[in-house]
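The values are calculated or read from the model by the stated rules, or taken from the named source; none is laboratory data. Note that the structure is predicted; figures quoted are calculated from it, not measured. Using ideal geometry, Cβ is built from the backbone for each residue, glycine included, and neighbour counts are taken over all protein chains shown. Accessible surface is based on the protein model in full, side chains and every heavy atom, while ligands, DNA and RNA are left aside. Shrake-Rupley method; radii C 1.70, N 1.55, O 1.52, S 1.80 Å.
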Amino acid sequence: MHKKTRRTYKKSIFSEAGKKSQTCSKTLEGKTATFAPHFFPMPNIVSIIQDAVAAAVTELYAEPVDAAKVQVNSTPPDFTGDYSVVIFPFAKIAKKAPDAAAQEIGAALQARVSEIRAFNVVKGFLNLEISDAYWQQFLQDTASDPSFGRQPKNGKKVMVEFSSPNTNKPLHLGHIRNILLGWSCTQLLEAAGYEVVKTQIINDRGVAICKSMVSWKNFGEGKTPASEGIKSDHFVGDYYVLFEQKTKAEYEAWQQSEAGQALLAEKQKPGQTPEAFFKDFKNKWFNEYSQLGSEVRDMLLKWENHDPETIALWKKMNDWVYEGFDKTYNALGVSFDKLYYESDTYLLGKDIVEEGLSKNVFFKKEDGSVWIDLTDAGHDQKVVLRADGTSVYITQDMGTAQMRHRELGCERYIYVVADEQNYHFQVLFEALKRLGEPYANGLYHLSYGLVELPTGRMKTREGTVVDADDLIAEVLRIATEQAAERNEIDNASQTEQAENLRKIGMGALKFFIIKVHPRKKMIFNPEESVDLQGQTGPYIQYSYVRIHRMMLRVQNDHIDLSKAVEYSGIQAQEKDLLVALHQYPSVVEEAAQAYDPSLVANYCYALAKSYHRFYHELSVLNAETEPAKAFRLQLSQTVGQVLASGMALLGVEMPDRM
RNA sequence: GGCUCCGUAGCUUAAUGGAUAGAGCAUCUGACUACGGAUCAGAAGGUUAGAGGUUCGAGUCCUCUCGGAGUCACCA
């Protein structure tokens, strides 16, 4: 019966949420397949410099140097040069003052490397100027390589697990951060050459969903999302909230009852107020005295015993939730390859416990409960199986890890889960290591900070949780409002305009969230999140739109770009862009390796900023000469291509006008 | 209390151990008969929580102190 649920959900997610991203990934894969051999059409200038420095130092001072450790940075604006080599580490080897060594190394480099046009030395830094010919060649190669920044397939497979919601209420802001982070990592890893399996674990069973079920059964009067005209996951969530309200009312009534007062008199500690007592007592009350509480436990028991009526209700309500989730995932532009349901996996892990016992990784206490002792690794003892033989959270996770590895055979498994579970994953991974699981060293917890509002942490009980659908609707509303204020006369069709507004609104929201380093907790200011100016997604989209509009002119006017090669005298603003473009592949690689999309976000912003400046200070379509015009157009085109590519890695699409 | 993470301008943030800590928002001043002003230029705003240490060089590494968050369940 569980299988049917899985199938239904999978089908719907591919029919709706999957559609857009499928198209998207098809394009990218097509490009990869076609252009993969040209990944680095010409040698990377930074590694040329590194190699040459290593060779020069070895030759000059008879001391071997690791080329990878030669520090090469792009030269700060106030100095002359494109790249700077840090010479301090070689001063000691040379037994000379840093500046003297820099002079010698600089001379050796210039003699050795034809791309180096000139050099100067400032306070131990060797500043190198790269020849225009190199940059010309670089631009030609890059402009014709749509897969620039993407690595060829490396034949390795990784799994990324993200989102993983409960099925008792709709997605909220916290899920959005998780989803954007997870999605972006899948895109980064694909760009880095991996085959990526996108998964989530749907927490579709347990007390929470039973609460919604009891609530609907008792108070729902047979209403449905369709009959009420409410988005179906919100409909279910509303019954969850109603359950909490009814429980609260029941508890308050009980507190005033004879039974409640008697218990208070009996158990109240000296000096404890009745309020404090009842607050502490709430869980115990729910488990032992509450009518609704006992109905929930009943429901859970019936579910575990496969009671047909309960299972039917469970399926009906979960299907409502999935239908709603699909819409939200669709709006966010994400999809999954493989879904796991907790109802299928919650019993897993018991055979691992047996195995662990036989390997003496686990031990059994007198009451029959099974434990792992991690005190030697700075952790505590943790229970892995209850005394009654039932699983706990970590038992399931061990079982699921093993099952997934058998099924998928990945090299790495990335869990995108908030940092409140750091300890859990440390213990989980350590346990799997000690069990000798072959994939144990490939496990990684991508931990991220919780999202907080300026007023503090979001709390369900205080109604401060920011709903995902509401938030999405809000950014779209702001984008529409802002566009209207601009009062642009636009011939685009209604659907085209709506599509662009959607890209702008979602671009603002996504960029706002993804630009912050994952590890940092995030203060989410709703007003700032919909800003369309400054360090935002739309700022980057705007530079893309400028380029896109110019490229239309190139097409319509049949402007010949081949004259670009005749251009000489590259300007500072152009050089900034070339150096930034050159950096793109290493940024992607680093971001993929560190599982850190914020690196790409900050890179895209910096590139867009350089472009806006370039655009403002130099004429493109009205450039002084034909070669200058062609060169700047080609440069612009390449910037646009890299911006679109980089933002796609963050899940942000580019509008063609705004 | 133990362990982990964080502390950078009023706010949100950036900086493979490298040059004068870089942006955005907010504040103030300029630039449109437009290659699209959702842009650009400029001003002001910093003892990188504090104190030691390692280093030619520390926001970054080490130690301690202070402040904040998370976690330490036979919950998930």
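Matching residues to (1) open to solvent by less than 20 Å² (accessible area, probe 1.4 Å); (2) not small (Gly, Ala, Ser):
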| position | (1), (2) |
| --- | --- |
| A:619 | no, no |
| A:622 | no, yes |
| A:628 | yes, no |
| A:632 | yes, yes |
| A:640 | yes, no |
| A:646 | yes, no |
Against the condition part of a loop (DSSP other than H, G, I, E, B) and either modelled with pLDDT of 90 or more or touching a Leu at 6+ places or on another chain (Cβ under 9 Å) (or both), how does residue A:534 come out, does it pass? yes
Among the residues in the stretch A:543-554, are any modelled with pLDDT under 95 and small (Gly, Ala, Ser)? no
Of the conditions (1) open to solvent by less than 10 Å² (accessible area, probe 1.4 Å); (2) at pLDDT below 95, residue A:169 fails just one. Which one is it? (1)
For the subset of the stretch A:371-383 comprising residues that are more than 9 Å from RNA strand B (Cβ to nearest atom) and either open to solvent by less than 40 Å² (accessible area, probe 1.4 Å) or in contact with a Cys (Cβ under 7 Å, 6 or more places away or on another chain) (or both), which member is farthest from residue A:422 (Cα to Cα)? A:372
If residue A:475 satisfies all but one of (1) open to solvent by less than 50 Å² (accessible area, probe 1.4 Å); (2) touching a residue at least 24 places away in the same chain (Cβ under 8 Å); (3) in a loop (DSSP other than H, G, I, E, B), what's the number of the condition it fails? (3)
Do you know which of the residues in the stretch A:515-559 that are free of Cβ contacts under 8 Å to residues at least 24 places away in the same chain and more than 9 Å from RNA strand B (Cβ to nearest atom) is least open to solvent (accessible area, probe 1.4 Å)? A:552
Wholly within the stretch A:1-90, helices (runs of 4 or more DSSP H) carrying at least 3 residues that are at pLDDT 75 or above: A:45-61
Among the helices (runs of 4 or more DSSP H) lying completely within the stretch A:332-443, list those that include at least 3 residues that are more than 26 Å from residue A:172 (Cβ to Cβ). A:350-358, A:393-408, A:422-434
Log entry, pairs with first residue in the stretch A:69-80 being without any contact (Cβ under 8 Å) to a residue 60 or more places away in the chain, second being within 6 Å of RNA strand B (Cβ to nearest atom), beta carbons closer than 7 Å, six or more apart or on different chains, reads A:71/A:86; A:73/A:84; A:75/A:84; A:75/A:127; A:79/A:122; A:79/A:127; A:80/A:127
With respect to the numbered conditions (1) within 25 Å of residue A:577 (Cα to Cα); (2) modelled with pLDDT of 90 or more; (3) of a type outside the set (Phe, Trp, Tyr); (4) assigned to a loop (DSSP other than H, G, I, E, B), which one is the sole condition not fulfilled by residue A:96? (1)
Positions within the stretch A:271-297 being within 16 Å of RNA strand B (Cβ to nearest atom), within 15 Å of residue A:214 (Cα to Cα) and open to solvent by less than 70 Å² (accessible area, probe 1.4 Å), in sequence order: A:286, A:293, A:296
Quick one: would you say residue A:595 is out of contact with any Cys (no Cβ under 9 Å at 6 or more places or on another chain) and touching a residue at least 60 places away in the same chain (Cβ under 8 Å)? no
In the stretch A:349-379, which residues are closer than 15 Å to residue A:393 by Cβ and in contact with a Leu (Cβ under 9 Å, 6 or more places away or on another chain)? A:349, A:350, A:352, A:353, A:369, A:370, A:371
Scanning the stretch A:54-95 for residues that are of a type in the set (Val, Ile, Thr), crowded, with 16+ Cβ neighbours inside 10 Å and either more than 12 Å from RNA strand B (Cβ to nearest atom) or in the same structural domain as residue A:579 (by TED's automatic domain parsing) (or both) gives A:57, A:65
Taking the stretch A:452-481 as the search range and keeping residues that are closer than 27 Å to residue A:244 by Cα and near RNA strand B (Cβ under 9 Å from one of its atoms), which one is nearest to the chain's Cα centre (by Cα)? A:452
Looking across the stretch A:123-133 at residues that are in contact with a helix residue (DSSP H, G or I) (Cβ under 8 Å, 6 or more places away or on another chain) and open to solvent by 10 Å² or more (accessible area, probe 1.4 Å), the single one that is farthest from residue A:584 (Cα to Cα) is A:123
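Look at residue A:564 and say whether it is over 30 Å from residue A:174 (Cα atoms) and either at pLDDT 95 or above or open to solvent by less than 50 Å² (accessible area, probe 1.4 Å) (or both).
It is true that residue A:564 is over 30 Å from residue A:174 (Cα atoms) and either at pLDDT 95 or above or open to solvent by less than 50 Å² (accessible area, probe 1.4 Å) (or both).
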Counting only residues that are within 9 Å of RNA strand B (Cβ to nearest atom) and surrounded by 12 or more Cβ atoms within 10 Å (Cβ to Cβ), how many does the stretch A:341-369 have? 3
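Which of the helices (runs of 4 or more DSSP H) found entirely inside the stretch A:561-658 contain at least 3 residues meeting this: away from RNA strand B (no atom under 12 Å from the Cβ)?
A:572-594, A:626-649
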Qualifying position, being at negative phi, within 15 Å of RNA strand B (Cβ to nearest atom), of a type in the set (A, V, I, L, M, F, W, C) and touching a residue at least 40 places away in the same chain (Cβ under 8 Å), among A:418, A:498, A:484: A:418
